[in-house]
Structure formats: structure tokens, C-alpha cells
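Some notes on the structure that comes next.
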Amino acid sequence: MAKTRSAVKAATKEPEHDLQLPSSSEESGSEGESEGLSSAEESEDESDENDENENDKESVKTTKNPSKTGSHVVNIQKTSNVARKTDKSKNKRGVIYVGRLPHGLYEKEMRQYFDQFGEISRLRISRNKKTGKSKHYGFIEFQDKEVAKIACEAMNNYLVFGHMLQVQMVEEANVHDELFSGHHVQYKPLPHKSISRHRHDSPKTKDQWEKLEAKQKQRKEARKKKLAAAGIDFE
């Protein structure tokens, strides 16, 4: 029994020798390994930061390139604007002269008739300033010059209400600024009867009455002479 107890004690004491703490040299070695690991991690972090900086620079470069491409797009838009200007210059407006207009063919009728050729921008018939009656000629401006040429060729010497229309192209040099002045004003016929009635019934001065009487005597004497020449005695 004593032998077994001593063997048990020896067995219990041996693990105590196995659980020894590390020496100072071993601690320094472990610290060196930890420092090496930390330095390696720091170097890896620095390399990652450098990579990120390089990526940022590349991204900046890539962002600069689209600006160049954007400026190129702007240049393309400018060329398209130039092309539009050239298209507008090609599609200039055309003006035609229409003469020998018959009675009844006025602004409304002319617009309805000539609108079949193309869009009309302005139309004007020349009228008397006092009476407002038509002078039987006018001008029509089309949005497109080619349409004006087609209308001129189609309507020249065209018979309308017994009148042969005379249609000619008007050159740009002959189109002055006031050619279509008042084209938007709608004509209203003057009430000539009411104007003459108002003039006849208005009160007159003594001088006006004397002039009217003198004119009446002249007309009466001229009538007597004509009757006397015809052999008629009129008192």
C-alpha cells in the first residue's frame, strides 16, 4: 500500500514539471513574431492604401476623359446647328405678284385658293386709301420659295371670273419692308350713303350757301344753252 501511494504521488508531481512557464528568451521570440506580424500587416495596409490611391488617380483620369468626349459631343451639336442654319437658308420665303384680280376675289378668297399650294405667311391686296376698293393686284408670301415658284407657274394666265391672272415671282431685292404693311388689317366697306347724307344735312355757313347758289346758277345757265342749241325755249 505504501508503494502504491508513493507511485501516485510521483505521478501527480510529474505534470507540475510539464506545466512550466516560458522563459524570457521565448517571450522575446514571441514578441518578435508578433511584431513581425504587425509590421507585415502594416505593410499590407500601406500597399492597399497605395493601390487605392492609384485607383483614385485612374478614376480621376477616367473622369477627365468623359469631359473631353462631352466637349466632342458639343462640337457635334454645333455642327448640327450649322446644318439647321443651312437648311433654313435653303428654305427661304418666296413672294409672288398677282395681277388682274377680278371683283369678288379678295383676301379671304385668295387665301383659301392659294393655300392649296403651301403655307401662306402674309397676303395683301392693294386698296384705295379713300374708298377702300381693290386696285385689282396683290402680293402673296409663302413660307417656302419652291412652293412660290410652283404656284407662280401653275396660276399664271389662269382664267378666273373672266380675268386672266398675271402671276410673277418677286425678287428678294425688290421686296421692301413696307410691302406687306397693314396685311393683318381687315377691310371694312365704307358707308358712302350715310357719309353723303351727313354731308348734305349738316348745317352750313353763309359763305357755303353763297358758293352753293353760285354753282346752281352756273349749272342752270349751262342747261339753258344746251336746250337753246337743240331749239327748245326754256324759261
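The values are calculated or read from the model by the stated rules, or taken from the named source; none is laboratory data. Since the structure is predicted, the reported quantities are computational estimates derived from the model, not experimental observations. FYI the Cβ positions are ideal-geometry reconstructions off the backbone, even for glycines, and counts take in every protein chain you see.
When you scan the range 111-142, how many residues do you find that are in contact with a Pro (Cβ under 8 Å, 6 or more places away or on another chain) and either surrounded by 14 or more Cβ atoms within 10 Å (Cβ to Cβ) or within 11 Å of VAL98 (Cα to Cα) (or both)?
1
LYS92: farther than 17 Å from SER181 by Cα and part of a loop (DSSP other than H, G, I, E, B), yes or no?
Spelling it out, LYS92 is indeed farther than 17 Å from SER181 by Cα and part of a loop (DSSP other than H, G, I, E, B).
Of all residues being within 52 Å of the chain's Cα centre (by Cα) and surrounded by 10 or more Cβ atoms within 10 Å (Cβ to Cβ) in the range 193-211, which is farthest from ILE125 (Cα to Cα)? Just the residue, please.
Among them, the one singled out is HIS198.
Restricting the search to the range 109-130, which residues are in contact (Cβ under 8 Å) with a residue 60 or more places away in the chain and not aliphatic (A, V, I, L, M)?
Hits for the range 109-130 are ARG122, ARG127.
Just to be sure before I move on: is GLY138 on the phi > 0 side of the Ramachandran plot, assigned by the TED database to the domain that holds SER121 and either within 52 Å of the chain's Cα centre (by Cα) or not hydroxyl-bearing (Ser, Thr, Tyr) (or both) in the structure I sent?
Against the criterion (on the phi > 0 side of the Ramachandran plot, assigned by the TED database to the domain that holds SER121 and either within 52 Å of the chain's Cα centre (by Cα) or not hydroxyl-bearing (Ser, Thr, Tyr) (or both)), GLY138 does not qualify.
Of the residues GLU221, GLU172, GLU178, GLU213, which single one is closer than 25 Å to LYS135 by Cβ and either β-branched (Val, Ile, Thr) or without any contact (Cβ under 8 Å) to a residue 24 or more places away in the chain (or both)?
Numbers: GLU221 fails: closer than 25 Å to LYS135 by Cβ; GLU172 fails: either β-branched (Val, Ile, Thr) or without any contact (Cβ under 8 Å) to a residue 24 or more places away in the chain (or both); GLU213 fails: closer than 25 Å to LYS135 by Cβ.
Exactly one of GLU221, GLU172, GLU178, GLU213 is closer than 25 Å to LYS135 by Cβ and either β-branched (Val, Ile, Thr) or without any contact (Cβ under 8 Å) to a residue 24 or more places away in the chain (or both), namely GLU178.
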